[in-house]
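To start, the structure itself, in structure tokens.
The values are calculated or read from the model by the stated rules, or taken from the named source; none is laboratory data. These figures come from a predicted structure and were not determined experimentally. Here the Cβ positions follow ideal geometry from the backbone for every residue, glycine too, while neighbour counts run over all protein chains shown. Surface areas here come from the heavy atoms of the whole protein model, side chains and all, with no ligands, DNA or RNA. Shrake-Rupley method; radii C 1.70, N 1.55, O 1.52, S 1.80 Å.
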Amino acid sequence: MSSYQAVHLVKRPVNVIEASCFELREHSPTELQEGQFRVKQTHMSLDPAMRGWMSEDTNSYIPPVELGAVMRASGIGEVVESRHPDFPQGARVMGMFGWTEQAISNGAGVNLVPEGLSAEAVLAVLALPGMTAAQGLLGIAKPKAGETLLVSGAAGSVGSLVGQMAKAEGLRVIGVAGSDEKCRWLVEQLGFDGAVNYKSEQLAEQVAELTPNGIDIYFENTGGPIQQVAFDNMNTFGRVVVCGMIADYNSEQPSAGPNWMQIIKKRLSIQGFTMPDHFDKAPQLMQQVAGYLQAGKLQYRVHVLDGLASAIDGINLLFSGENQGKLLVKL
């Protein structure tokens, strides 16, 4: 096998992720041991959670990436060499391979990719975004037909799937996004009942107008100004599912949250979750998501960067909101 490149984390970001945090290195392949296989990665996912993985916070749901190590990421690739009976040469696989063109695995956390699905469809729908959306909405929020759901980061990889799944379950769905174009996409293409640009000066008024019967479920992906607005419009016994806080990932000091008085008055349920706690359910979650996809109830779009090195600057598209769909790197 020829040499390959990998991106290593060499410095922790203070606020924004700078290119100097990474180092592109050349590697020579090592020999496989019994029970291992070699993957040539073809597509790699870039996700907001990576900002947390780069921090030095050890009191988190997953250990930080060690300095000097290959940056963590999920991806799809082809098995090009194998000494593992369950992952033969030529098989397509997905797993946490990292920012690298090649990886060696023993099969832990790796799944075979279903036939007939593109890499884009798998990473944008069936992989982490789809499993996260299904677990957060179906497993935690437990939606009921006729309820109203508000989802922030609605044009993102998770939020867009949450909204579409909720529509399939018979809910009224309002999305919050960062541009008028994204709001139009949510309504005109994905079938949301309404959408609001969180940069609007009339944010509170617009959300209230779009949710005349209040909000039963708030799916939180971003934090920021929409959080207080959503909180103010929650119905009694409403559920808040906290999946991400992208507005605060690059901040030195997190923004203040809503006062807890309303939690008491309205008997709200608020639950944070992360997918590593639910990876044991991965097959069932992927099956749920595949059901929606096969029924034609899920659409997606991807923003593809070209080449491994493009990830170094490209990851910041997630925090500027400039990505147009699920952010992927094609290797």
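Of everything listed in (1) touching a residue at least 60 places away in the same chain (Cβ under 8 Å); (2) under 17 Å from the mean Cα position of the chain (by Cα); (3) open to solvent by less than 30 Å² (accessible area, probe 1.4 Å), the single unmet condition for I217 is (2).
Residues in segment 170-193 that are more than 14 Å from G153 (Cα to Cα) and in contact with a Leu (Cβ under 8 Å, 6 or more places away or on another chain): L171, R172, D193. If you go through segment 121-134 and keep only what is open to solvent by 10 Å² or more (accessible area, probe 1.4 Å) and in contact with a His (Cβ under 8 Å, 6 or more places away or on another chain), you end up with just M131. If you go through segment 1-53 and keep only what is farther than 15 Å from G314 by Cβ, at pLDDT 95 or above and of a type in the set (A, V, I, L, M), you end up with A6, L9, V10, L32, V39. When every residue of segment 189-199 is checked against the conditions, none turns out to be farther than 17 Å from L161 by Cβ, part of a helix (DSSP H, G or I), more than 21 Å from the chain's Cα centre (by Cα) and not aromatic (F, W, Y). Taking the conditions (1) surrounded by fewer than 20 Cβ atoms within 10 Å (Cβ to Cβ); (2) of a type outside the set (S, T, N, Q); (3) within 22 Å of A119 (Cβ to Cβ) in turn, D47 satisfies each one other than (1).
Of all residues in segment 205-234, those that are closer than 17 Å to A247 by Cβ and either among the small types (G, A, S) or in a helix (DSSP H, G or I) (or both) total 10. Meeting the requirement of 1 or more residues that are among the polar types (S, T, N, Q) and surrounded by 17 or more Cβ atoms within 10 Å (Cβ to Cβ), the strands (runs of 3 or more DSSP E) wholly within segment 54-120 are 75-82, 102-105.
When segment 140-154 is limited to residues that are of a type in the set (A, V, I, L, M) and surrounded by 22 or more Cβ atoms within 10 Å (Cβ to Cβ), the one that is farthest from I226 (Cα to Cα) turns out to be A141. Could you say whether any residue in segment 155-174 is within 21 Å of L203 (Cα to Cα) and either open to solvent by 30 Å² or more (accessible area, probe 1.4 Å) or aromatic (F, W, Y) (or both)? Yes, the conditions are met somewhere in segment 155-174. R92 satisfies every condition listed in (1) touching an Asp or Glu at 6+ places or on another chain (Cβ under 7 Å); (2) farther than 26 Å from D306 by Cβ except (2).
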